[in-house]
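> To start, I am sharing the structure in question, which I have written as structure tokens.
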Amino acid sequence: MPSPTVKIDAYRASAGRIIGAALTNNKAYARLGYLTDRIGHRLSGSTNLERAIAWAVAEMKTDGLDNVRTEKVMVPHWVRGEESLEMLAPVSTKLSMLGLGNSVATPADGITADAVVVRNFAELDALGERVRGKIVVYNAAFTGYGATVQYRLNGASRAARHGAVAALVRSITPVSLQTPHTGAMNYDPQQPKIPVAAITIEAAELLQRTYNRGDAITLRLKMEAKFLPDAESANVVAELKGSERPDEIVVVSGHYDSWDVGQGAHDDGGGCIVAWEAARLLKELGLRPRRTIRVVLYTNEENGLRGGNAYRDAHRTELSKHIFAIESDSGVFRPEGLGLAATAPPLFRSNLQEIAKLLSGIGADRIAPSGGGADIGPIMREGVIGASLDVEGSRYFDIHHTPADTFDKINPRDLALCVATMAVMAYTIADLPEPLAGGTN
Ligand SMILES: [Zn+2]
């Protein structure tokens with residue numbers, strides 16, 4: 001790794017002021033409280049999401065941020081409707097469930113069928129024709145989000161390929177207190193669309209034990225889920241205009257939509273508030289960097305990524321002037337630093353590691369070997385260098401996409417430290433006299 005070329009001594013004072021200010025005002029915590037308690041969850045197409053957008057725009061204007069605006073995005077409008085799951089045999093009991101986003105409905109009187117329980121796709125494929133007419137229950141243990149989420153994303157079509165009439169997926173989490181976790185799923189256009197829902201770990205294990213005993217299991221699944229016509233939504237954009245090179249941009253961002261359960265507190269109301277508050281705090285402190293810091297609250301990450309794609313399309317001509325983009329979408333737990341895209345130039349990485357030393361006092365000075373974000377993915381694929389705000393995330397998947405992702409799970413000190421990390425990073429990078437990657441970035 002090359003030696004860093006940036007000099008951070010000139011930024012120690014501003015970093016200290018930013019960290020102090022983040023820890024001694026409660027604006028971020030109060031705003032996240034309003035967003036979650038007074039507006040609530042924010043699925044694409046919902047009036048809640050549009051209320052949240054209007055509120056952010058009005059508040060950002062009172063903050064005195066520059067160029068506060070919405071950028072229109074058409075988003076998918078999936079609605080859950082009523083839904084339920086019952087075991088009818090060998091014993092009668094209701095099971096907690098949440099339909100997966102994008103799923104189709106069952107007929108009005110539900111789907112009643114016997115169940116087969118598998119731990120993985122290999123067991124499913126081994127059953128082959130014996131799956132026909134059945135409800136497939138995936139009881140895959142959590143081994144990591146990326147690996148286990150495959151059952152949520154692709155389980156329905158994999159089961160439909162063998163003739164299954166519905167699918168149930170063990171929630172993508174290591175921990176459960178009877179909490180089902182929703183999330184997006186995709187249909188393979190080559191297969192019939194069958195309804196699919198998440199069940200709790202407790203329900204999946206009950207069904208597994210029952211199946212292993214050799215008892216026939218009869219389930220009744222009812223879901224009303226459907227798509228309405230695409231709805232109008234928007235990305236929210238606001239800036240702290242640069243003093244010398246305003247056309248050069250550092251993006252700080254999160255996604256403003258959430259699932260339609262809980263309050264979208266950690267996912268990703270918190271990330272949005274962190275990005276927004278970072279800019280507001282700099283403005284309040286009179287810290288205007290040489291380059292522009294742009295706050296982007298993306299719409300429709302959860303079930304479409306239309307916001308991230310629309311941002312790329314609307315800003316295509318200035319992407320070469322985007323010198324860095326940070327997304328916070330891992331919950332607002334104690335920050336550890338940034339996860340920098342593995343493809344970042346070595347000198348950029350070396351310089352970012354040097355800048356991160358400004359955060360060593362709060363333990364947020366780690367630059368991880370990879371990172372990015374769903375919403376900044378589209379611009380990263382066009383060459384923008386991106387990073388995630390990394391946090392101590394060992395509890396994130398306990399509540400992710402559940403009714404339990406609520407404001408009481410937010411630790412105000414951790415939230416403030418996330419703001420400090422985002423603001424110190426964004427300010428320093430935006431203000432450096434020289435480009436981070438050498439040359440012209
Ligand atoms: Zn998220």
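> Suppose the filter is of a type in the set (Val, Ile, Thr) and touching a Pro at 6+ places or on another chain (Cβ under 9 Å); does Val250 pass it?
Yes.
> A follow-up question, please. Across the range 367-384, what is the total count of residues that are among the hydrophobic types (A, V, I, L, M, F, W, C), buried (at least 20 other Cβ atoms within 10 Å of the Cβ) and more than 16 Å from Pro346 (Cβ to Cβ)?
4
> Another question, then. Suppose the filter is at positive phi, within 16 Å of the ligand (Cβ to nearest atom) and in contact with a helix residue (DSSP H, G or I) (Cβ under 6 Å, 6 or more places away or on another chain); does Gly386 pass it?
No; evaluated as a whole, the condition is false for this residue.
> Pairs please, first residue from the range 306-328 and in contact (Cβ under 8 Å) with a residue 40 or more places away in the chain, second anywhere and acidic (Asp, Glu), Cβ atoms under 6 Å, 6+ apart in sequence or on different chains.
Sorted first by the residue in the range 306-328, then by its partner, the pairs are Gly308/Asp375; Ala314/Glu71; Leu319/Glu382; Lys321/Asp247; Lys321/Glu248; Ile323/Glu248; Glu327/Asp375.
> Let me ask you something else. Has the range 368-389 got at least one residue that is of a type in the set (Lys, Arg), within 18 Å of Met422 (Cβ to Cβ) and out of contact with any Cys (no Cβ under 7 Å at 6 or more places or on another chain)?
No, the range 368-389 contains no residue that is of a type in the set (Lys, Arg), within 18 Å of Met422 (Cβ to Cβ) and out of contact with any Cys (no Cβ under 7 Å at 6 or more places or on another chain).
> Could you please tell me which pairs satisfy a Cβ distance under 7 Å, a separation of 6+ or placement on different chains, a first residue in the range 1-20 that is over 25 Å from Pro346 (Cβ atoms), and a second residue that is of a type in the set (Gly, Ala, Ser)?
Ile18/Ala420; Ile18/Ala423; Ile19/Ala420
> A follow-up question, please. Has the range 71-89 got at least one residue that is aliphatic (A, V, I, L, M), within 30 Å of Arg306 (Cβ to Cβ) and surrounded by fewer than 20 Cβ atoms within 10 Å (Cβ to Cβ)?
Within the range 71-89, one or more residues are aliphatic (A, V, I, L, M), within 30 Å of Arg306 (Cβ to Cβ) and surrounded by fewer than 20 Cβ atoms within 10 Å (Cβ to Cβ).
> Restricting to the range 305-335, count the residues that are open to solvent by less than 30 Å² (accessible area, probe 1.4 Å), assigned to a helix (DSSP H, G or I) and away from the ligand (no atom under 14 Å from the Cβ).
3
> Right, something else. Over 24 Å from Pro180 (Cα atoms), in a strand (DSSP E or B) and away from the ligand (no atom under 16 Å from the Cβ): is that true of Glu232 in this structure?
When the stated conditions are applied, Glu232 passes them.
> Applying the selection to the range 137-172, what residues are closer than 16 Å to Gln208 by Cβ and not in a helix (DSSP H, G or I)?
Once the filter is applied, which keeps residues that are closer than 16 Å to Gln208 by Cβ and not in a helix (DSSP H, G or I), the range 137-172 yields Val137, Tyr138, Asn139, Ala140, Ala141, Phe142, Ala167, Leu168, Val169, Arg170, Ser171.
> Taking into account only those residues within the range 252-274 that are away from the ligand (no atom under 13 Å from the Cβ) and either open to solvent by less than 10 Å² (accessible area, probe 1.4 Å) or among the small types (Gly, Ala, Ser) (or both), which is nearest to Leu32 (Cα to Cα)?
Ile273
> Among the residues of the range 284-299, is there at least one that is within 16 Å of the ligand (Cβ to nearest atom), under 20 Å from Asp37 (Cβ atoms) and buried (at least 24 other Cβ atoms within 10 Å of the Cβ)?
For the range 284-299, residues within 16 Å of the ligand (Cβ to nearest atom), under 20 Å from Asp37 (Cβ atoms) and buried (at least 24 other Cβ atoms within 10 Å of the Cβ): present.
> Here's something else I'd like to know. If I filter the range 113-132 down to residues being of a type in the set (A, V, I, L, M) and in a strand (DSSP E or B), which single residue comes out as nearest to Ala147 (Cα to Cα)?
The selected residue is Val118.
> Out of the residues in the range 235-248 that are assigned to a strand (DSSP E or B) and either crowded, with 23+ Cβ neighbours inside 10 Å or of a type in the set (S, T, N, Q) (or both), which is farthest from the ligand (Cβ to nearest atom)?
Looking at the filtered set, the residue picked out is Leu240.
> Scan the range 199-227 for residues that are open to solvent by 10 Å² or more (accessible area, probe 1.4 Å) and in a loop (DSSP other than H, G, I, E, B) and report the count.
Looking only at that region, the number is 5.
> Shifting gears a bit: Take the residues in the range 249-266 that are of a type in the set (A, V, I, L, M) and part of a strand (DSSP E or B); name whichever of them is nearest to Gly183 (Cα to Cα).
Within the range 249-266, the match that is nearest to Gly183 (Cα to Cα) is Val252.
> Which fully enclosed helices (runs of 4 or more DSSP H) of the range 1-94 have 2 or more residues being out of contact with any helix residue (DSSP H, G or I) (no Cβ under 7 Å at 6 or more places or on another chain) and hydrophobic (A, V, I, L, M, F, W, C)?
The qualifying helices (runs of 4 or more DSSP H) are 47-63.
The values are calculated or read from the model by the stated rules, or taken from the named source; none is laboratory data. Just so we're clear, the structure is a prediction, and the values are computed from it rather than from any experiment. Backbone-built Cβ (ideal geometry, glycine too); neighbour counts: all protein chains shown. Only protein heavy atoms, including side chains, enter the accessible area calculation; ligands, DNA and RNA are left aside. Shrake-Rupley method; radii C 1.70, N 1.55, O 1.52, S 1.80 Å.
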